[in-house]
Amino acid sequence: MAVMVLHHARCFDGAASAAVFAEFYRAKIDPKAEFIFRPKMHARGDPFEDADFDAEVVACLDFRYTKRGDLDWYFDHHASAFQLPGERAHFDADDSGTKFHDPKAPCCATYMAGILGMRWGFDTSPYEELLRWAQIIDTASFENPQIPVAMEEPAMQLAAFIQSADDPRDIERFIADLVRVPFAELCRAPYVRGIVAERQRTHAHDCERIAAVSKVESGVLEYDLLAEAPRVLSHFIPYAQHPEVDYVVGVYPHADGDLRLTIGYNPWHPAEARAHDLAKLCEAHGGGGHPFVAGCSFPHGETERCRAAQRAMLEILRADA
Ligand SMILES: [Mn+2]
């Protein structure tokens, strides 16, 4: 029996959710199941395609809902899970008992693990380290911005791997290894180490560039790297360099080929002091995410639209000051 696992791409929580779901499925539903892991990227309109549903069983984790193609399993915690007309009503009318969404859940992997433990009696204790780090990373609950920016902690190196890896075979192998190989050992595996070492080099360069182009005004930091090479950028760099800012709105060409706008509320400032729903600000420009960190993608070449969206958001955030 083939099980398609659609999971949020380039995301540690998405990979952790996929890994733990496959363990659950083998333990409690079908020990002979074979898994196809397919990373899904957010996109304007319908991000799904027919090939996503090319299996007997389809699970979608840490990603948008769809009423297309008969989903069998669904776990998500994104506030912007339901974007197309009729999706929310379709979800609400579902009585399968295998689809779950809670925008208040801090992390998809821990939310899903809780439900699988309670309703299916699945023992999630072997995945304690994986689940703990998935939640720390997804909620950006690091003690200080140096932890993600230094990129030394094994879990941070694994997060760097999944954000950068392109080869579907590496990603599939990584998802399987996440639940079998201790983190420190997995970091040393050559297929992981190669990608992480390269990532650490480009990350050091990114830190220099962000320091050079950042502008801070009224508690909001902006940066624009659209004229530079495409990259996978750590969104914590500005907070390590300017711990005083409340919000960051940056634009840069992402390695996936799109132009990316990223917007965040300083994770080390009091959560209750956040005055804006950043997912809503992004939905107005075709993006989405969480109230405290969100983003939009624009097709390559739409530099002006990307900059205009950034200006619009900066204006809203700075109007408070
Ligand atoms: Mn997540």
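Conditions: (1) more than 16 Å from the ligand (Cβ to nearest atom); (2) in a strand (DSSP E or B). PRO39 meets all but one. Number of the miss?
(1)
Do we find that ASP52 is touching a residue at least 40 places away in the same chain (Cβ under 8 Å), of a type in the set (Asp, Glu) and either surrounded by 15 or more Cβ atoms within 10 Å (Cβ to Cβ) or not in a loop (DSSP other than H, G, I, E, B) (or both) in this structure?
Spelling it out, ASP52 is indeed touching a residue at least 40 places away in the same chain (Cβ under 8 Å), of a type in the set (Asp, Glu) and either surrounded by 15 or more Cβ atoms within 10 Å (Cβ to Cβ) or not in a loop (DSSP other than H, G, I, E, B) (or both).
Mind listing whichever residues of the range 3-36 are within 12 Å of the ligand (Cβ to nearest atom), outside any helix (DSSP H, G or I) and surrounded by 22 or more Cβ atoms within 10 Å (Cβ to Cβ)?
HIS7, HIS8, CYS11
Could you look through the range 282-321, keep only residues that are in contact with a strand residue (DSSP E or B) (Cβ under 6 Å, 6 or more places away or on another chain) and farther than 20 Å from HIS42 by Cβ, and pick out the one that is surrounded by the most Cβ atoms within 10 Å (Cβ to Cβ)?
Among them, the one singled out is LEU317.
I need the full set of residues from the range 120-160 which are more than 24 Å from PRO291 (Cβ to Cβ), within 16 Å of the ligand (Cβ to nearest atom) and assigned by TED's automatic domain parsing to the domain that holds VAL196, in order please.
The answer is ALA155, LEU158.
Exactly one condition in (1) in the same structural domain as THR66 (by TED's automatic domain parsing); (2) crowded, with 20+ Cβ neighbours inside 10 Å; (3) over 30 Å from GLU283 (Cα atoms); (4) over 16 Å from the mean Cα position of the chain (by Cα) is not met by PHE82; state its number.
(3)
Mind checking which pairs have a first residue in the range 57-79 that is within 11 Å of the ligand (Cβ to nearest atom) and a second that is hydroxyl-bearing (Ser, Thr, Tyr), Cβ under 7 Å, 6 or more apart or different chains?
LEU61/SER17; ASP62/SER17; PHE75/SER17; PHE75/TYR111; ASP76/TYR65; HIS77/TYR111
Only one of VAL196, VAL149 is assigned to a helix (DSSP H, G or I), in contact (Cβ under 8 Å) with a residue 60 or more places away in the chain and within 19 Å of the chain's Cα centre (by Cα); which?
It is VAL149.
May I ask you to list the residues in the range 68-77 that are at pLDDT 95 or above and surrounded by fewer than 23 Cβ atoms within 10 Å (Cβ to Cβ)?
Answer for the range 68-77, where residues must be at pLDDT 95 or above and surrounded by fewer than 23 Cβ atoms within 10 Å (Cβ to Cβ): ASP72, TRP73.
Taking the range 210-268, which residues are out of contact with any Pro (no Cβ under 9 Å at 6 or more places or on another chain) and either modelled with pLDDT under 95 or hydroxyl-bearing (Ser, Thr, Tyr) (or both)?
SER218, VAL232, LEU233, TYR247, THR262
Scan the range 86-108 and tell me whether some residue there is more than 16 Å from the ligand (Cβ to nearest atom), buried (at least 17 other Cβ atoms within 10 Å of the Cβ), of a type outside the set (Ser, Thr, Tyr) and assigned to a loop (DSSP other than H, G, I, E, B).
Within the range 86-108, none of the residues are more than 16 Å from the ligand (Cβ to nearest atom), buried (at least 17 other Cβ atoms within 10 Å of the Cβ), of a type outside the set (Ser, Thr, Tyr) and assigned to a loop (DSSP other than H, G, I, E, B).
So PHE122 fits all but one of (1) closer than 23 Å to VAL232 by Cα; (2) not in a helix (DSSP H, G or I); what number is the exception?
Going through the list (1) closer than 23 Å to VAL232 by Cα; (2) not in a helix (DSSP H, G or I), PHE122 breaks only (1).
Looking at (1) assigned by TED's automatic domain parsing to the domain that holds ASP256; (2) of a type outside the set (S, T, N, Q); (3) away from the ligand (no atom under 16 Å from the Cβ), can you tell me which one HIS235 breaks?
(3)
Within the range 162-169, can one find any residue that is at pLDDT below 95 and assigned by TED's automatic domain parsing to the domain that holds HIS290?
Checked the range 162-169: no residue is at pLDDT below 95 and assigned by TED's automatic domain parsing to the domain that holds HIS290.
Please go through (1) at pLDDT 95 or above; (2) surrounded by fewer than 16 Cβ atoms within 10 Å (Cβ to Cβ); (3) of a type outside the set (Ser, Thr, Tyr) for LEU178 and return the number of the only condition it doesn't satisfy.
With respect to (1) at pLDDT 95 or above; (2) surrounded by fewer than 16 Cβ atoms within 10 Å (Cβ to Cβ); (3) of a type outside the set (Ser, Thr, Tyr), LEU178 is out only on (2).
The values are calculated or read from the model by the stated rules, or taken from the named source; none is laboratory data. Predicted, not measured: the structure shown is a model, and the values here were computed from it. Ideal geometry is used to build each Cβ from the backbone, glycine not excepted, and the neighbour counts take in all protein chains shown.
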